[in-house]
Structure formats: C-alpha cells, structure tokens
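The values are calculated or read from the model by the stated rules, or taken from the named source; none is laboratory data. Please read these numbers as outputs of a predicted model, since none were measured by experiment. Every residue, glycine among them, receives a Cβ derived from its backbone with ideal geometry; neighbour counts consider all protein chains shown. Accessible surface is based on the protein model in full, side chains and every heavy atom, while ligands, DNA and RNA are left aside. Shrake-Rupley method; radii C 1.70, N 1.55, O 1.52, S 1.80 Å.
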Amino acid sequence: MLVRLREMALFFHKTIPFRVVPALIATAVLVGMLLIPTPAGLTPEAWRLVAIFATTIVAIILKVMPIGVMALMAIVVVSLSQVTADSSGAAVSDALQSFASPLIWLIVIAIMISRGLKKTGLGSRIGLMFIRLLGQRTIGVGYGIAVCDLVLAPLTPSNTARGGGVVHPIMRSIADAFDSDPKKDTQGKIGSYLALVNMHANAITSGMFVTATAPNPLVLDYVSKATGGNFSLSWTTWAIAMLVPGLACLVLMPLVMMLLAPPELKRTPHAVEFAKAELKKKGPLSGAERVMIAIFGLLLVLWANVPAMILGPAFELSPTAVALLGLFLIVITGTIDWDDVLAEKSAWDTLIWFGALVMLASQLNEQGVIAWFSGLIQSGLDALGLGWFAAAALLVLLFLYSHYFFASTTAHITAMMLAFLTVGTAIVPPDYTEAFVLMMVAASAIMMGLTHYATGTSPVIFNSGYVTMGRWWTAGFVMSVINILIYSTLGIAWWKLLGYW
C-alpha cells in the first residue's frame, strides 16, 4: 500500500504542473481566511470574495502555476461559489463580465499589433538607427537604448515584449561586439551598464503612455472610479501629463547608471560600426516596414485625438476602436496574417489573467470591500495625526515600496491601488486631488524598476547575467528615489502649468 501511495505521489508530482509548497501556502491562506469570522462592516459573501481575491494574489506572487491558470481558477471559484449572486447563471455572468471591457481589449489588440514590429524587423531597425546616431561613446549607446524604448512604447503595451523581446537582444548584441560577456567575467566592460539602462528605460517609458504596459488601462479605470468620474485621463491627457517628468527621468537615468555601474569602456566606436553593419544586412526599408510605419503613425494621430481637435468632438474615437482599426489594417495589408494573431499567446494569456483580475477588483468594489479597506487605511492615518500633505505623501510611498512584496505589477495595482486612491481623494483637498492622483499614477510605473522580479521585463534582463542582484536592487532603489523626486518637483510644477492644481 505504501509503495502504491508513493508511486501515486510521484506520478502526480511529475504530471500536475503546479509547485506544491506554494500551492499549499495559497490553500492555507484561503482556508485560514474562511475560518476567520467576518469582519464588521462586511457581509459573509464579501469576506469570502476577499478570501478568493487574496488567495489568487498570493498564488500569482508565489507562481503556483502560470498567471493565466491562477486567473482561470478565480473565474471558476467565483462562478461555482456564487459569492456575487444568488444563482449559478448570474454568478457566471459576474465572473465573465470584464471580458466585455474595452480597456482589456485595448491591451490585447495592441499586443497583437506590436507583433508587426517584431515580424517586420522595424523594432530592431529603429534601435539600430539610434545606436548608429548616438553610439560613439558608451553614454551615447545608453541614450540610444533609452530613446529606442521611448519610440516603441506607445505601440507596445507588453513592456516585456518591448524591453525584453526587442530592445534587450539589441543590447546584448552590442555587449557581445565588445566582448562583454558574463560567461567570461567581462560584463563590466559595457554589458552591466547597458543592461541597467535597458531595464530602467523600460520602467520609465511604461509610465508615459496608456498603451505602454498592460496595467495602465486598469490604472486609468481606477482613477475614474476613485474620483467619481470627476477626473478621467484619456490617452492624450496621460501622455501630456507624463511627458515632461518622464523625459527628465529618461535623460537623467543613463547618467545615474554611469555612476552606479561605471563601464570600463567609455568610447564605443565599434557600436556605430556594428549598427551600420546590421542595418546594411537589413537593406532598405521593406514594404512591410513601410506599411507598419504608416499604420503606426495613423494610430498615434488617432489616439492623440487629432481629428477631434481639428473637426470637433464628434470625431473623437475610443482608443479601443482605434486599436481595432490598426489590427484590421495590419492583417488586411499582409503585414501580419491571421495565424500570427492566433499565435500571439501573450495577448490571449493577457485576456484571461487581466480579465479575471479586473473582474475581482470590480466585484470587490461592488461588494463594498474597497470602501471598507479604505476606511481602515484612513483610520490608521487619522491615528497618526498627520496633515493631509504628509498623509498623501505616505500613501504614495507605501504604495510604491510595497512593490518589494509583489512579483507582478498588475497584481499589485489590482490589490492596492483603488483603495489607496480612494483614501487619498478623501483626505486631499479638492484643489490638489488631481496632483495626488497623478503622483499615484507615476508611482505605479516607478515601482517596476525596484527588483529583479518587479515586472516581466526584469527576469529577462536579470537572467542574462550582466548585473548582480545587489547592484540591481541598489540601482532600483536609487532610481526610485530620483524618479519620485523628479515627479514631486518638476512633475508637480508641470501639472500646475497644465491646470491640474
């Protein structure tokens, strides 16, 4: 009997694709929370929903299984447990409600569109052009990488695809050209510096456009909910608000990295030669690249609401409608084909996990959990006796640095941002509410550079071996301080000029 049990255990261990210890921890969280009496101010159903939500977040953080599977688990549990409705049919409708959200489809479609950048080679061409232009010195190569990420950011809502899939291979090729290789213990020549620039450019640009990383539309939605619809960011207003402080962070960052990870090589004429050689191999712009440029330009014009500015509000288009148009155009022009759309696993994966997390957050709000949690935070702040300005600053910093405990930007934003925004908008005077909200929006991207697991791009770059964990964490903390200072000074001044306070 014992032998058979052991064989069964080994079979399940090899067959079932989850990590046992993290799964047990997540299960313990669920059971423990269900055994706790319902806190005052919540219904039993609301508390069970909190338990489901907390278990899902813990499972995602501990990587019990791929995030899509954990999200599917949440959908199944909400459907079967009927914590949101009195009937099975209504519960299923609640569990699937977010899949009709235009915000979710904006990200999914934009990821599909970004496949055209990779397939046509336009993304790598853009990077090589900037290296050719700026690459005489190491600092110039750093700026070339940063500008490349900035140019690609508006059209690549997967920051991992942008920073890890397009920019990182260019960065590694340049490092290899200078024999800067972790396997040879020569990463200090130039590779360590370029890897950190690669990472932090990705984090900074992710905060500059709604379509620069997957959680941004969720942030946009939370801003509207927390302010009762009184303050809503569009694609254009987001980009304008983050333009000046974001560019300042991007300009300063390569210089800071020169101090934190000083490269042994200061001059890099070979980088220019490398870029020229690679561009020569590519030859002139292909027809597919030209089409991609035209579609890329059209999308930016429409997302920026230029037609509405010229012809009036009747010509204002939903960002998701624009994204749908872009996807249709790149398919019917043959830039990508339908098989490419079907094969874009990251987009379909995002649809599942993002939809599930949005559904959970929405249901928590409807069940009164967000208001209850916000009340707890506000009571804690009141007990500290802080003025509104100090309390608002503390909220921003707590939200930012609590990301050390998260391995997913989306999970962190889903778990905490709406509650923090709700509390902040309650304690900050109305004249300064929008400035506080914009600081929280900035913090949601700044936190992406903190650790080697902070966002999807992080492990891609970290695992290439150019940067030690100690240096990575040091650079992440230093840049977070610099970035938050820039946003709280230059950013605040810029928002004053824009009329936000």
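Couple of notes before you dig in:
- Top positive-direction residue, dipole computed over region 254-335 with Cβ charges, set Ala288, Gly326, Phe274: Phe274
- Long-range amide H partners of Thr186 with built H, under 5 Å: Asp181
- Neighbourhood charge, 14 Å Cβ-Cβ cut-off, centred on Gly465 and excluding it, Lys, Arg +1 and Asp, Glu -1: +2
- Rounded to the nearest 10 degrees, the inclination of helix 269-282 to the longest alpha-carbon principal axis of the chain is 80 degrees.
- Under 11 Å, Cβ to Cβ, from Tyr193 - net charge with Lys/Arg +1 and Asp/Glu -1: +2
- Amide H contacts for Arg137 (H built 1.01 Å from N in the peptide plane; partners 5 or more residues away or on another chain; cut-off under 5 Å): Thr268.
- Sorted peptide list for 192-204, 430-442, criterion being average Cβ within 10 angstrom, highest first: 192-204, 430-442
- Based on Cα atoms of region 1-143, Rg over Rh with Rh as the Kirkwood radius reads 1.19.
- Principal-axis tilt of helix 168-177 within the chain, Cα atoms, nearest 10 degrees: 40
- Share of carbon and sulfur in the accessible heavy-atom surface of the chain [1.4 Å probe, %]: 69
- Put simply, when 18-24, 416-422 are sorted by average Cβ atoms within 10 angstrom per residue, most first, you get 416-422, 18-24.
- The 3J(HN,Hα) values that the Karplus relation (6.51, -1.76, 1.60; θ = phi - 60°) gives for region 390-397 are, in residue order, 5, 5, 5, 4, 5, 4, 4, 5 Hz. Gly and Pro appear as x.
- FRET efficiency estimate (nearest 0.05) - Cβ-Cβ, Val76 to Val478, R0 41 angstrom: 0.45
- In a simple Cβ point-charge model (Lys, Arg +1; Asp, Glu -1; nothing else charged), the chain has a dipole of about 1540 debye relative to its Cα centre.
- On the basis of the beta-carbon distance and an R0 of 45 Å, Lys119 and Leu35 show a calculated FRET efficiency of 0.30.
- Region 46-105: C-alpha gyration tensor shape, a/c 1.5 cut-off, then a/b vs b/c: oblate
- Our helix-only sum for the chain, with -39,500 (n - 2.57) per DSSP H run of n ≥ 4 divided by its residues, gives a mean residue ellipticity at 222 nm of -22500 deg cm²/dmol.
- Folded to 0 to 90 degrees: helix 102-120 orientation relative to the chain principal axis, Cα: 30
- A viscosity of 1.567 mPa s and a temperature of 4 °C, combined with the Kirkwood radius over C-alpha pairs in the Stokes-Einstein formula, give region 215-366 a diffusion coefficient of 65 µm²/s.
- Surrounding net charge for Thr425, when Lys and Arg each add one and Asp and Glu each subtract one, Cβ distance under 14 Å: -1
- Amide H to amide H distances under 5 Å link Ala214 with Asn159, where only residues 5 or more positions off or on other chains count and H is placed in the peptide plane.
- Listed values for region 436-452 are Karplus-derived 3J(HN,Hα) couplings in whole Hz (6.51 cos²θ - 1.76 cosθ + 1.60, θ = phi - 60°), namely 4, 4, 5, 5, 5, 4, 4, 4, 5, 9, 4, 5, 5, x, 5, 10, 7, and x replaces Gly and Pro.
- Placing R0 at 56 angstrom, the Cβ-Cβ distance between Phe328 and Ala390 gives a FRET efficiency of 0.65 after rounding to 0.05.
- Accessible surface calculations at 1.4 Å, restricted to protein heavy atoms, place region 402-496 at 31 Å² per residue.
- With bins 10 Å wide beginning at 0, the percent of Cα pairs of region 159-203 falling in each bin runs 31, 52, 17.
- A straight Cα-to-Cα reach below 29 Å connects Lys119 with the lysines Lys276, Lys280, Lys281, Lys282, Lys345, residues fewer than 8 places away in its own chain not being considered.
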